[in-house]
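Worksheet for the structure shown next.
The values are calculated or read from the model by the stated rules, or taken from the named source; none is laboratory data. Predicted model only: the values in this text are computed from it and were never measured. Cβ sites come from the backbone with ideal geometry, for glycine too, and all protein chains shown count toward neighbours.
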């Protein structure tokens, strides 16, 4: 337990409980998350996709993703939930087994982008001169370069 100084009374102190401060911070964060529907929807989608990528391999057989696993361009049915494509692969199985690599690529791209941004921000913010001018001129140069 620590004490807080009350400026209006002079030297008197008031006991403050850190656990109540921490619980108020957590409650405020949860209230913010529940009040922001876009954030909540994004979290639900990411958690749902991650859970489905883990459980999906147990639900759907991987052999259905191989060529000639089903009927040619079949419509959705009990056997093929979303039908098949033009090489006879089950579309539902392709989606289920493609979630995991897609989440991996997205996570790696996000982490790398954040790391590069932090490094460039620190270099540009702490060093004056050539590094700052180079980082400011790089977007102009890269946008003028043809991609072909």
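Annotations
- Filter result for residue 86 (at positive phi, out of contact with any helix residue (DSSP H, G or I) (no Cβ under 9 Å at 6 or more places or on another chain), surrounded by fewer than 14 Cβ atoms within 10 Å (Cβ to Cβ) and at pLDDT 85 or above): no
- Only one entry in 98, 117, 113, 83 is free of Cβ contacts under 8 Å to residues at least 12 places away in the same chain and within 16 Å of the chain's Cα centre (by Cα), namely 113.
Table: residues versus (1) surrounded by 12 or more Cβ atoms within 10 Å (Cβ to Cβ); (2) touching a strand residue (DSSP E or B) at 6+ places or on another chain (Cβ under 7 Å); (3) not in a loop (DSSP other than H, G, I, E, B).
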site: 73; (1), (2), (3): no, yes, no
site: 79; (1), (2), (3): yes, no, no
site: 101; (1), (2), (3): no, no, yes
site: 108; (1), (2), (3): no, no, yes
site: 119; (1), (2), (3): no, no, yes
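- Count of residues meeting criterion [loosely packed, with under 10 Cβ neighbours inside 10 Å and under 27 Å from the mean Cα position of the chain (by Cα)] in the range 126-140: 1
- Checked against (1) over 30 Å from residue 51 (Cβ atoms); (2) modelled with pLDDT of 85 or more; (3) in a helix (DSSP H, G or I), residue 134 passes all but condition (2).
- Some residue of the range 27-40 being in contact with a strand residue (DSSP E or B) (Cβ under 6 Å, 6 or more places away or on another chain), assigned to a helix (DSSP H, G or I) and either modelled with pLDDT of 85 or more or within 30 Å of residue 86 (Cβ to Cβ) (or both): no
- Any chance residue 129 is at positive phi and at pLDDT below 85: yes
- Residue, surrounded by the most Cβ atoms within 10 Å (Cβ to Cβ), within the range 44-68, restricted to residues that are without any contact (Cβ under 8 Å) to a residue 24 or more places away in the chain and not in a helix (DSSP H, G or I): 66
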